[in-house]
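The values are calculated or read from the model by the stated rules, or taken from the named source; none is laboratory data. These figures come from a predicted structure and were not determined experimentally. FYI the Cβ positions are ideal-geometry reconstructions off the backbone, even for glycines, and counts take in every protein chain you see. Note: accessible area is taken over every heavy atom of the protein model, side chains too, but ligands, DNA and RNA are not part of it. Shrake-Rupley method; radii C 1.70, N 1.55, O 1.52, S 1.80 Å.
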Amino acid sequence: MRLSKMHLKTLREAPTEAEIPSHILLLRSGMIRKLASGIYGFMPLGWRSLRKIEGIIREEMDNTGAQEILMSAIQPSELWEESGRWYAYGPELWRIKDRGGRDFCLGPTHEEIFTDIVRNDVSSYRQLPTTLYQIQTKYRDEARPRFGLMRSREFIMKDAYSFDKDREGLDASYDSMYDAYSKIFTRCGLTFRPVEADTGAIGGKGSHEFTALSEIGESEIAYCESCDMAATVERAECIDDAPTPESVEMLPLEEVHTPGTKTIEDVANFLKLEKSQTIKAILLEKYDEEGNVADYVACFLRGDRDLNMTKLVNALDIPEHAIAFADEEKMGSKTGAVGGFTGPTKLHDCIIVVDSELVGQKNLCAGACKEDHHILNVNYNRDYKGDIVADIKTLKEGDKCPVCGAAIKHTRGIEVGQIFKLGTKYSESMGAIYKDDKQEDHPIVMGCYGIGVTRTLAAIVEQHHDDKGIIWPISVAPYHVIVTLVKPDDEIQKELAERIYGELQAAGVEVLLDDRDERPGVKFNDADLLGIPLRITVGKMASEGIVEYKLRSEADKSELSVDEAIKSAVELVKA
Ligand code: ATP
Ligand code: MG
């Protein structure tokens, strides 16, 4: 491709709303175009890289034996009613009506659709296992679209669904997808880590997220250097501290005056206690399907712990959008809670969720449900009980690893893919049944496997760039080589550049020829911004048959004869 003919507009500056390198550079290099908040289009170079990623995904999916299909983005509400997700998916589900008033959604994912296909087509164990996949556009009306392709409202996903006879079959399908994902992200040039993950709205047990390590990532990962424990912070199990020894007596309750001590910090300082000797209260309200407050929820944890919202919604068995922090005044009038001074002993008419750790801890200090007062020596069972007792705390940096006890570390990553063992959640609710060899019915056992294709593109740029621009790994570069013709009006230079362009193309190398009538500085800057892995510059020494050979990833350049340069370029691409 000749740059003089290419539809390309690079920008010196990115719009101010672009904050992270991948967003800035994809816009500046003219690879993506914004249409509306969280909605982007792909220009020639961006689309080429995206298709390369898709190609890698397709090859690795096909290698597992999965078969590609393509389903519609528009999905009828009836299927979502059947699975129970028309409500559970919440406001992220992009709902639309047709002219007859019938409800549809723009698919955020396709479990319902694939389950529907398989329940219609599969009836016997002889047809299992089978895995289907697609690469298709998804829609999620995200509350906060941001970072360009990272969290957009329209994005391309590869989604695969496996259908097996039993758990062992699912385990095998899952393992084969796990391996395929590792190959895909390796081939895309990403530094990534598979970590245990929560199963969220999709449901089921057993899941891994594949996270591309990056400071700007929205996934926080807890990991251990002494063993191989690695999990998202939402998911990571947190070990309860040892209970207070038997020998310690439960002391009598004592109300104390603690003026103005609304936070754990304040009350611990005021009473000269450790935070771990206090009880923290978090007040929430839970909504019904119409969005009205159905219940108040009070969560209690040790004062040095943080609430883990994902664990809480799992314990309550509700979707995340069905809960939010409470209006404390309204909650107070109904339940006795007093903002900043709420404790578990005097609350009424609300769901009390107690972190499992509190059960074994004696003589703690809690709010007295009375302005400016706390109570000392609060003990579980004697003074209060939970409607639900569960691990609802976050595993923090420095906490003990739930597997080996060493100190936990945290890091951040971009979730580029996630795989789930769904089990029979969808096959049972939607009636996807097969008959075994004795003609007995069983629900099909399912798995689902997603890759954010457009997010992967952004993650690659996030990991491969410098202050001048993108540095594409060769596997996903829009072109392998850029031939920079310094002076297009110099006949010798022009002829040599054309020859290199032609010979590289003939050898199967994807080449851009920068034959634009621009100053050399502009051409070099653009070549760096676009991130083409190899630049061959045809300039002054063309008359001696010498060109400049420079890898985008390295600072050094070398002077090579034309034939050497062509040979090295071909070797680089074929390697
Ligand atoms: P997140 O936690 O980031 O919202 P998710 O867990 O809801 O993502 P999945 O349902 O697992 O996402 O979707 C599969 C993949 O699709 C994700 O691993 C991610 O790479 C990609 N993805 C999800 N939401 C978006 C989005 N809004 N924009 C771009 N890619 C997305
Ligand atoms: Mg996910």
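Assorted remarks:
- Listed by chain and number, the lysines whose C-alpha is less than 27 Å from the C-alpha of Lys438, apart from same-chain residues fewer than 8 away, are Lys165, Lys421, Lys425.
- Helix-only CD estimate at 222 nm, as mean residue ellipticity for the chain, using -39500 (n - 2.57) per DSSP H run (n ≥ 4): -8000 deg cm²/dmol
- Percent carbon-and-sulfur accessible area, the chain, ignoring ligands, DNA and RNA, probe 1.4 Å: 48 percent
- Distance cut-off 16 Å, percentage of C-alpha pairs in region 113-166 lying past it: 55 percent
- Each residue was assigned an accessible area with a 1.4 Å probe, and for Met43 the value is about 40 Å².
- Accessible surface area normalised per residue over the chain is 45 Å², counting heavy atoms of protein chains with a 1.4 Å rolling probe.
- Stokes-Einstein D for the chain, Kirkwood Rh over Cα pairs, 4 °C, 1.567 mPa s (µm²/s): 47 µm²/s
- Between Tyr178, Ser475, Ser333, the Cα set farthest toward the positive side of the dipole of the chain (charges on each charged residue's Cβ, about the Cα centre) is that of Ser475.
- Rolling a 1.4 Å probe across all protein chains gives Ser214 an accessible area of roughly 20 Å².
- Charge dipole (the chain, unit charges on Cβ, about Cα centre) - positive-most of Leu132, Phe42, Gly169: Phe42
- The residues Ile471, Ile492, Ile451, sorted by heavy-atom accessible surface at 1.4 Å with ligands and nucleic acids left out, run Ile492, Ile471, Ile451 from largest to smallest.
- Calculated Rg and Dmax of region 257-408 using C-alpha coordinates, Å: 15.3, 46
- Per-residue SASA entry for His257, accessible area with 1.4 Å probe, Å² rounded to 10: 110 Å²
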